[in-house]
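Heads up, the thing below is written out as structure tokens.
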Amino acid sequence: MNRTDLFVIEYKLHGEPKSFIIRAKAMSNADAWHWASCDAGLAPIPKPGKPPLKVVSKPQAERYGVTEVKWRESAMLVWTEVSSS
């Protein structure tokens, strides 16, 4: 298993930095702008497994103060067992 399916999305809302982590099978710039809009309260969060009711685009999000959206895949944790001997 090489993928974590966890993504960190960072953005600014009216100049204030915000960030959150989301689980998704894939992420794109358009997806990140939409999810940042959901986090900012501009769009409803869809029910799990259902497509969004209406996808918020970058120009729409920018009109409401969402800017500088960046995303990255989170780092995969590798757990190792420590022996006590």
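With both labels modelled 7 Å from their Cα along Cα-to-Cβ, the Lys25 to Lys47 distance reads 1.9 nm. For the listed peptides 31-37, 18-24, a ranking on the average number of other beta carbons within 10 Å per residue, highest first, reads 31-37, 18-24. The alpha-carbon of Lys18 sits under 13 angstrom from the alpha-carbons of these aspartates and glutamates, leaving out residues fewer than 8 places away in its chain: Glu10, Asp39, Glu68. Rounded if a/c is under 1.5, else prolate if a/b beats b/c, else oblate: with a ≥ b ≥ c from the C-alpha gyration tensor eigenvalues square-rooted, which is the chain? Prolate shape, in that a/c is at least 1.5 and a/b is the bigger ratio. Separation of region 34-85 and region 17-33, taken as the distance between their Cα centroids, equals 3 angstrom. Mean-square fluctuations from a GNM of the chain, with a 10 angstrom spring cutoff on Cα atoms, peak among Lys12, Lys54, Lys70 at Lys54.
Computed from Cα atoms, the angle from the helix 29-39 axis to the main principal axis of the chain rounds to 80 degrees. In this simple spin-label approximation, Lys54 and Thr80 carry label points 7 Å from Cα along the Cα→Cβ vector, and these lie 5.2 nm apart.
Quick note: the coordinates plus some simple rules give every number you see, no bench work behind them. Remember, predicted model here, so these are calculated numbers, not experimental data. Counting neighbours? That spans all protein chains shown, and the Cβs are built from the backbone with ideal geometry, glycine included.
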